[in-house]
């Protein structure tokens, strides 16, 4: 069984989370500069068996696509050029950033640590992955 990788795509930074090989536990992996995301994935896929990639689907409260969706579509086009056989699913990511921030508060992180936007992106990717695993 391969791992499941989730992506919380952002215009500047992208949070990434991954499961274990049994697809039981979701863990934050890292946050990368979005400009280097495809290179990161190329390297990661060469080392690890990933069978599914989840990409967050940001929407407005009314369900319409978020502004970043156009950039995500460009990313997906480039992704499928490099990885034509990789399965990709889109997952609703509404409120994951707020849930990530609340998770930081609940875990007792100090205010200075909670300003780390890269950590929020990584936790958001983990929440996307946890939601997917929960709904399996």
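Look at residue 118 and say whether it is in contact with a strand residue (DSSP E or B) (Cβ under 8 Å, 6 or more places away or on another chain), over 15 Å from residue 6 (Cβ atoms) and either assigned to a helix (DSSP H, G or I) or modelled with pLDDT of 80 or more (or both).
Working: in contact with a strand residue (DSSP E or B) (Cβ under 8 Å, 6 or more places away or on another chain): yes; over 15 Å from residue 6 (Cβ atoms): yes; either assigned to a helix (DSSP H, G or I) or modelled with pLDDT of 80 or more (or both): yes.
Yes; evaluated as a whole, the condition is true for this residue.
Within the option set 130, 60, being out of contact with any helix residue (DSSP H, G or I) (no Cβ under 8 Å at 6 or more places or on another chain) and more than 15 Å from residue 6 (Cα to Cα) holds for one residue only, 60.
Here 123, 105 are screened, and the one residue that is assigned to a helix (DSSP H, G or I), out of contact with any strand residue (DSSP E or B) (no Cβ under 8 Å at 6 or more places or on another chain) and over 24 Å from residue 62 (Cβ atoms) is 105. Residue count for region 15-37 satisfying the condition of being surrounded by 16 or more Cβ atoms within 10 Å (Cβ to Cβ) and farther than 12 Å from residue 121 by Cβ: 4.
Of the residues 130, 60, 102, 73, the single one that is surrounded by 12 or more Cβ atoms within 10 Å (Cβ to Cβ) and without any contact (Cβ under 8 Å) to a residue 40 or more places away in the chain is 102.
The values are calculated or read from the model by the stated rules, or taken from the named source; none is laboratory data. Note that the structure is a prediction, hence the values are computed from the model and not measured. Every residue, glycine as well, gets a Cβ built from its backbone with ideal geometry; the counts of neighbours run over all protein chains shown.
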